[in-house]
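Here's the structure we're looking at; comments come further down.
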Amino acid sequence: MKLMGKSLCPGVALGPIHVLPETEKRGKPTPAGTPEQELERLEWGRQRALDRVRGQQSAALEKLGEGEADIFRLHALMLEDRDLLETVRCAVRAGACAEDSVREAGETFAAAFRALNDPYLQGRAADVEEVSRLWREALSGAAERLELDAPAILCAGEFSPGELIALEREKVLGLVAQRMAPDSHAAILARAMALPTVAGLVPQTHWEGTFAALDGETGALYLDPEGETLDGLTERARARQEAAESLGCFRTGSAVTRDGRSVSVCANIAAPEEAALAWKEGAQGVGLFRTEFLCLDKKQCPGEEEQTALYRRALEAMEGRRVVIRTLDIGGDKRPPWLEAGKGENPALGLRGIRLSLKKTELFRIQLRAILRAAPYGTAAVMFPMVSSVEEVRAARALLEQCREELEMQDIPTGEVEVGVMIETPAAALIAEDLAREADFFSIGTNDLTQYTLAMDRQDPDLEGMYHPCHPAVLELIRRAVEGGHRHGRRVALCGQLGAERSMTETLLRMGVDELSVPVGEVLGLKAHVSTLDLSN
Ligand code: PEP
Ligand code: MG
């Protein structure tokens, strides 16, 4: 049987299916035993949650690094916090069931953190919520859902980023999720872990143990495949494996064409944990850190301390290789629940990117201060999205300098940051030469540049086959951007999806693009591809 979902990460997986039980649903009534029984269950659940957090901590330490492991260390400390434990136990003694007591205490503590003045402590609210979730999952048995005996294709309603980080990579062949948005952190981690992933299929319990083939390229899931289908997919899986092994030699150094031109291949990331993966995959830097993903699913924007810590983690993970931190590109399709602005009739043409930042300067200043504070821990650059005028760049740079002066007055150390401008509106491409006087480098965002040049919504599935980043008008604007940047000696990178389009690599390099920044999973393949090109004639 063949089922069609939506492809989120390519690759082929062959093996048995394991259907995960649903995570605990909020509001599900839980029968309470006697207070003594519930207290006993509560402690049993807490120990299991602690074991799980410690497991996550070791996994993060091994796969990602100290900074990432610290998150889980904090969660373990919270699970041992006396005040939290006493509040939960009190509720149980008063007759509530273990799950409800944990949930209520979690909500109370999270609200208390949020009410504090210190942005760092405000940010801890999300950690208490995570700890409360883990504890409740342990109590309901849902925590065991990821303990696997043998490699399997995992199917679930949804996966959380914490779960994916904790997975034993060797035991997971691929993922099938009912709900996973292409830009969600879970999808980003799945891609970073190179897990063939398909979304939009509702897992059925009777699939458990069924042999299946998952085609991450087309979005197909085959149950009990046989004959030509099975042979074809097995062959593709083998060829991919061989190709991946042969790429190992590209992990170090830059990509060099056959005629000796060195091309910088960097990674696009959306979370600090991806930086460690980018480094391992041989990225020469992070060409685009989409910081808005750090706050889209939050109840409020992370404060200065929290943002500083997040940027620092990414910078440290890259060990001195440059990390381009793009300021919040909120608006358009990326609207966080905590922001009222940007809800006009036509949000893609409304208050978004740098326009929003320059209007909401209190938000912008927090981010600029955090970037400056994180900068001493690596090589940082700041980049402004959706620029359409020289004045915007001047205003943003002026605020950056003001933030630096304030930090210096407060004796808070800062680091040097280069200032980049994204070329993703036709206006920016057409005035590239003027913008080049104001910026240290450019990065061409072909996703939006295509959308605004062709007047085609990049999200609209009905435009499939019409939304062409290789349209001659888009290529002409890229050419102008490169020319304008180079005229003032600025490096010109390209960080839109077109950079990962191998059929276009040669054209882009011949146009003079200096750097390509692509999803982490594309870095090695692109470096290998660059090395096959000869641009000498
Ligand atoms: C782009 O527009 O090409 C780009 C890289 O930015 P985003 O996809 O985040 O809008
Ligand atoms: Mg863009």
Exercise. How large is ³J(HN,Hα), in whole Hz, for each residue of region 106-122 in order, when computed from phi with the Karplus curve 6.51 cos²θ - 1.76 cosθ + 1.60 and θ = phi - 60°, using x for Gly and Pro?
Worked result: x, 5, 5, 5, 5, 5, 5, 4, 5, 7, 6, 7, 7, x, 5, 5, 4
For this session: Give me the distance between the Cα centres of region 65-124 and region 473-494, rounded to whole Å.
Result: 51
Exercise. If you take the square roots of the eigenvalues of the alpha-carbon gyration tensor of region 398-486 and sort them as a ≥ b ≥ c, do you get rounded (a/c under 1.5), prolate (a/b over b/c) or oblate?
Worked result: prolate
Problem set entry | Whether region 173-286 is rounded, prolate or oblate, judged on the alpha carbon gyration tensor where a/c under 1.5 counts as rounded | oblate
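For the peptides 317-330, 211-224, what is the packing order when you average, over each peptide's residues, the other Cβ atoms within 10 Å and list the highest mean first?
Averaged packing, sorted descending, gives the order 317-330, 211-224.
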Seminar exercise, completed: Using alpha-carbon positions, the gyration tensor of region 447-530 gives root eigenvalues a ≥ b ≥ c; with a/c under 1.5 called rounded, otherwise prolate if a/b exceeds b/c, else oblate, the class is oblate
Problem set entry | HN-Hα J in Hz across region 277-293 - Karplus 6.51, -1.76, 1.60, θ = phi - 60°, x for Gly and Pro | 5, 4, 4, 4, 7, x, 5, 7, x, 9, x, 7, 9, 7, 6, 4, 5
Problem set entry | Residue-level accessible surface for HIS18, protein heavy atoms, 1.4 Å, Å² | 40
Exercise. Once label points are set 7 Å from the Cα along Cα→Cβ at both ALA150 and GLU362, what is their separation, rounded to one decimal in nm?
Worked result: 5.9
Seminar exercise, completed: Residue-normalised 222 nm signal for the chain, counting each DSSP H run of n ≥ 4 as -39,500 (n - 2.57), nearest 500 deg cm²/dmol, is -14000 deg cm²/dmol
For this session: At 0.36 nm per residue, minus the direct Cα-Cα distance, what do LEU349 and LEU230 gain on full extension? Give it in nm, one decimal, please.
Result: 38.1 nm
Exercise. Can you run phi through the Karplus equation (6.51, -1.76, 1.60; θ = phi - 60°) for region 240-250 and list ³J(HN,Hα) in whole Hz, with x for Gly and Pro?
Worked result: 5, 4, 4, 4, 5, 5, 6, 8, x, 5, 8
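Which percent, to the nearest 5, of DSSP beta bridges fully inside the chain are antiparallel?
About 30 percent, rounded to the nearest 5.
If each residue of separation counts as 0.36 nm, what is the full-extension length gain between GLU43 and ARG394 once their alpha-carbon separation is subtracted?
Numbers: separation 351, 0.36 × 351 = 126.36 nm, distance 5.76 nm.
Additional length available on full extension: 120.6 nm.
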Problem set entry | Mean Cβ count within 10 Å, highest first, over the residues of peptides 475-481, 494-500 | 494-500, 475-481
For this session: Specify which residue in the list VAL382, PRO302, PHE72 is farthest towards the positive end of the charge dipole of the chain, using unit charges on the beta carbon of Lys, Arg (+1) and Asp, Glu (-1), about the Cα centre.
Result: VAL382
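May I ask you to derive the FRET efficiency for ALA427 and ALA239 from their Cβ-Cβ distance with R0 = 45 Å, giving the value to the nearest 0.05?
0.50
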Problem set entry | More than 19 Å apart - percent of Cα-Cα pairs taken over region 35-140 | 43
For this session: Please list ARG335, ARG89 in order of solvent-accessible area, largest first, computed with a 1.4 Å probe with all protein chains present.
Result: ARG335, ARG89
Exercise. How far is helix 66-79 tilted, in degrees, relative to the longest principal axis of the Cα atoms in the chain, given as a value from 0 to 90 rounded to the nearest 10?
Worked result: 30
Problem set entry | Accessible area per residue, Å², the chain with all protein chains present, probe 1.4 Å | 43
For this session: Tell me the label-point distance for the pair GLU107, CYS470, using the 7 Å Cα-to-Cβ offset, in nm and rounded to one decimal.
Result: 5.4
Exercise. For the cross-link pairs LYS171/LYS334; LYS280/LYS360; LYS6/LYS171; LYS2/LYS527, which exceed 28 Å when the distance is taken from alpha carbon to alpha carbon?
Worked result: LYS171/LYS334; LYS280/LYS360; LYS2/LYS527
For this session: Enter the accessible area of SER536 (Å², nearest 10), with the probe set to 1.4 Å and all protein chains included.
Result: 80
Problem set entry | Compactness of the chain as Cα Rg over 2.2 N^0.38 Å, two decimals | 1.02
Seminar exercise, completed: Here the gain from full extension of GLU408 to GLU483, 0.36 nm per residue of separation minus their alpha-carbon distance, amounts to 23.3 nm
Seminar exercise, completed: Whole-percent carbon and sulfur contribution to the accessible surface of the chain (1.4 Å, no ligands, DNA or RNA) stands at 52
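The values are calculated or read from the model by the stated rules, or taken from the named source; none is laboratory data. Every value quoted in this text rests on a predicted model; they were computed, and no experiment measured them. Because the Cβ atoms are built from the backbone with ideal geometry, glycine has one as well, and the counts that use them run over all protein chains shown. The protein model used for the area step is the full one, side chains on, heavy atoms only, and it has no ligands, DNA or RNA in it. Shrake-Rupley method; radii C 1.70, N 1.55, O 1.52, S 1.80 Å.
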